[in-house]
Amino acid sequence: MYLRRDRALTAISIMLDVAFHAGRSGVVSGADIARRGDMLRRGIEPVLQALSRAGLLSSVRGPKGGYRLGRPPRTITLNEIVRTVTEDPEMPEEGTNLLRTKVLEPFWQSVDQDVSEKMASVTLEHLLQNAEEAGMQRPSRAPISFSI
């Protein structure tokens, strides 16, 4: 696989987990996200913070707190999620490597553009539909009613 499976995949996994288990109305805890994704809680914390700062997630404090989507899933593209956690300020160049600057970097930018365009065409809503087509059922968010 050419794409690295680190922050980008972690961020998409987190966003899909929140969309699937909480949506915009409920919340899911960071511990539950980590457990379901087989990730370390402290390892996903910087990603959760970046997604929250970008407004893709909103966080709710308190004992029943957690995370929920910051916007409807149909408006959040995978490209936006990935860019939020992977874009770094331009790195200063260390010397002049003509093969890198004239050949490799333009090629890499072209590949990145192709992937960006594909990711921009897919939303969280698309992934939720894929989950439904795969037979997965979202948890019920109906309020619990007690009768005595």
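The values are calculated or read from the model by the stated rules, or taken from the named source; none is laboratory data. Quantities reported herein were computed from a predicted structural model and do not represent experimental measurements. Positions of Cβ are backbone-derived with ideal geometry, glycine not excepted, and every protein chain shown enters the neighbour counts. Heavy atoms of the whole protein, side chains included, go into the accessibility calculation; ligands, DNA and RNA do not. Shrake-Rupley method; radii C 1.70, N 1.55, O 1.52, S 1.80 Å.
Solvent-accessible surface of protein heavy atoms, probed at 1.4 angstrom with all chains present, puts HIS21, HIS126 in the order HIS126, HIS21, largest first. Taking all protein chains as present, what is the carbon and sulfur share of the accessible area of the chain, in % to the nearest whole number, probe 1.4 Å? The C+S portion of the solvent-accessible surface of the chain is 53 percent. Shown here for segment 30-84: trypsin sites (Lys or Arg not before Pro) in loop regions (DSSP other than H, G, I, E, B) with at most 15 other Cβ atoms within 10 Å, namely ARG61, LYS64.
Once Rh for the chain is found with the Kirkwood sum over Cα pairs, what is the Stokes-Einstein diffusion coefficient at 37 °C and 0.692 mPa s, in µm²/s? All intermediate terms of the calculation are to be shown ahead of the outcome.
Details: Rh = 17.2 Å.
Taking Rh from Cα pairs, D becomes 191 µm²/s.
The residues of the chain present an accessible area of 72 Å² per residue when probed at 1.4 Å with all protein chains retained.
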